[in-house]
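Peer 1: Got a structure here, written out as structure tokens. Questions coming.
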Amino acid sequence: MEVSPVETTTDAVADAVRRCAAGDQQAVATLYDLTAAKVYGLALRVLRNPAQAEEVTQEIYLEAWQNSGAFRPGRGSGLAWLLTITHRRAVDRVRSAQAASRRDTVYGLEALATSPVDPADQAIDTVAAERVRSAMRGLTDLQREALELAYFQGRTHTEVAAELAVPLGTVKTRIRDGLTRLRSVLGGD
Amino acid sequence: MNDEPHDLVGAYAMDALDPEERLAFEGHLRSCASCRDELAGLGDALAELSADYEVAPPPALRAAVLNAVADLDAPSAAQPAESTAGAAGTAGEPPLPRRAVHEPEAGAATEPAKEPAAAPVTPLRPPSTTARPRWQLLVAAALALIAVIGISVWQPWVQRTITAADVLAAPDAVRATKTMDGGASVTLVRSDRLGRAVLVTHSLPPAPTGKAHQAWLQHRSGAMTSGGMMPSGADVTMLLEGDARDTVGAGISIEPPGGSVQPTLDDVVVLIGL
């Protein structure tokens, strides 16, 4: 297995996180400027609600500031660390909204579903984005759908299996294989 | 059924596991270096996807974030990375955000409260904003902005309007799951830092007609206090009422719709110890 080289010196996000851990408040501004569009974009993509995405974004930088000491450079990039906590928090919100919508009628997902984010709003046409899209096109339909449902819509793999009408074991391996493939395509250069 | 724990690494990386599976996989991660390596790589791949969903947040958010951070304590965890390399999620636990309530200024507090709005008599201090340093105005503007953006943004870290999601995502959360006859399961998640607990039910059978489920916190003293009436539904995530810091467990009982002061012992559906 290829272990990706530790490029800590070129990882500006990781550097900012480390400065946060050392108590440097200026580093939060740096961290925000480097990553806010990605953090907010991910929260928005998962939550499909700008107000909630703003809340999550604010929570993430507070969490990043307070938990910056938990960042381990050997375990992936600084951006990956930040987006991992962003995704976890956004998905937890989606799921509690789902639970709440069962008792509070329409408040949660249905309200969100009626105000979807316009993809044209969100898609940024950059070389990097085109590279991601082309990598996604390299996946099988099932891999792509599983990834979309799980990562961007916050479904559990059990729900993904039900939605795609395939066995859970298949979803598990497709998700893993799909991510591994993305990693090899995107991480290649 | 080839349920290799390694197969879950992709779903874990994408937060696609149920709470119990997530917990179990985190246990596996602690003992499996190959999964930890793979997870790091998958996290980087997922981060690469971010190139396709960037959206600039509203400009006002930046000031709100920086201001909120400035109001918190410095992170506690300035320790070197290697000292806690083994503990994935628990390292660097932050202190409780210590935050003074914004007291009104001493001068303002002495102002007579009942004075009619008209005819402001002898202001205690000239309203000479020009005399104020510019940074004070900026701080005031930032605070006003935060008020506009929404108290809910502000509170989770400050005045502790805590949601179930906060507890589930808390770095110090501890969990326990009880599986019941018939396959239903109930997971208790508690964060000492937030002082709250959450119950997550899966496939919980409904309460008998005319009755309802009531949640309970079990305290170290042995006392049970109500965590509130549970919404009906088989799959519920519920933030329990009450301070959960000294609790050793939680339970669910069947009670009249208005709830009871103490659980009806014969009708306890499940008890979960932490």
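The values are calculated or read from the model by the stated rules, or taken from the named source; none is laboratory data. The structure presented is a predicted model; accordingly, all values stated were derived computationally and were not measured. Positions of Cβ are backbone-derived with ideal geometry, glycine not excepted, and every protein chain shown enters the neighbour counts.
Peer 1: For the range A:99-115, name all the residues that are in a helix (DSSP H, G or I) and either surrounded by 24 or more Cβ atoms within 10 Å (Cβ to Cβ) or at pLDDT below 55 (or both). I'd like the intermediate steps shown before the answer.
Peer 2: From the range A:99-115, those in a helix (DSSP H, G or I) are A:99-103, A:105-107, A:109-114; that's our starting set.
A:Arg103, A:Thr105, A:Val106, A:Tyr107, A:Leu109, A:Glu110, A:Ala111, A:Leu112, A:Ala113, A:Thr114 - these are the residues of the range A:99-115 that are in a helix (DSSP H, G or I) and either surrounded by 24 or more Cβ atoms within 10 Å (Cβ to Cβ) or at pLDDT below 55 (or both).
Peer 1: Quick one: count up the residues across the range B:22-37 that are of a type outside the set (Lys, Arg) and at the interface with chain A (Cβ under 8 Å from one of its Cβ atoms).
Peer 2: Within the range B:22-37, residues that are of a type outside the set (Lys, Arg) and at the interface with chain A (Cβ under 8 Å from one of its Cβ atoms) number 2.
Peer 1: Follow-up. If you check B:Ala212, B:Ala165, B:Ala170, B:Ala176, which single one turns out to be in contact with a strand residue (DSSP E or B) (Cβ under 9 Å, 6 or more places away or on another chain), within 30 Å of B:Leu271 (Cα to Cα), modelled with pLDDT of 55 or more and away from chain A (no Cβ under 14 Å)? Full working, then the answer.
Peer 2: Values: B:Ala212 fails: away from chain A (no Cβ under 14 Å); B:Ala165 fails: away from chain A (no Cβ under 14 Å); B:Ala170 fails: away from chain A (no Cβ under 14 Å).
Answer to the selection: B:Ala176.
Peer 1: Any residue in the range A:14-39 that's within 10 Å of A:Ser68 (Cβ to Cβ): show its pairings with residues that are of a type in the set (D, E, K, R) at Cβ separation under 6 Å, as long as the two are six or more apart or on different chains.
Peer 2: What qualifies is A:Ala27/A:Arg19.
Peer 1: Output the residues belonging to the range A:27-49 that are surrounded by fewer than 24 Cβ atoms within 10 Å (Cβ to Cβ), closer than 17 Å to A:Ser77 by Cβ and more than 9 Å from chain B (Cβ to nearest Cβ).
Peer 2: Matches in the range A:27-49: A:Ala27, A:Thr30, A:Leu34.
Peer 1: Would you pick out the residues in the range A:120-146 that are modelled with pLDDT under 85 and assigned to a loop (DSSP other than H, G, I, E, B)?
Peer 2: Result: A:Ala123, A:Ile124, A:Asp125, A:Thr126.
Peer 1: While we're here: If I filter the range A:19-26 for residues that are part of a helix (DSSP H, G or I), more than 10 Å from chain B (Cβ to nearest Cβ) and at pLDDT below 95, do I get at least one hit?
Peer 2: yes
Peer 1: Now for a different question. Suppose we filter A:Leu149, A:Leu168, A:Leu164 for residues that are modelled with pLDDT of 90 or more and either on the phi > 0 side of the Ramachandran plot or more than 10 Å from chain B (Cβ to nearest Cβ) (or both); which single one remains? I'd like the intermediate steps shown before the answer.
Peer 2: Values: A:Leu149 fails: either on the phi > 0 side of the Ramachandran plot or more than 10 Å from chain B (Cβ to nearest Cβ) (or both); A:Leu168 fails: either on the phi > 0 side of the Ramachandran plot or more than 10 Å from chain B (Cβ to nearest Cβ) (or both).
None of the others qualify; the one that does is A:Leu164.
Peer 1: Mind listing just one residue for me: the one in the range A:73-98 that is facing chain B (nearest Cβ under 7 Å) and β-branched (Val, Ile, Thr) and, of those, surrounded by the fewest Cβ atoms within 10 Å (Cβ to Cβ)?
Peer 2: A:Thr84
Okay, residues lined up against (1) aliphatic (A, V, I, L, M); (2) in a loop (DSSP other than H, G, I, E, B):
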residue	(1), (2)
B:Pro171	no, yes
B:Ala176	yes, no
B:Leu204	yes, yes
B:Ala207	yes, yes
B:Trp216	no, no
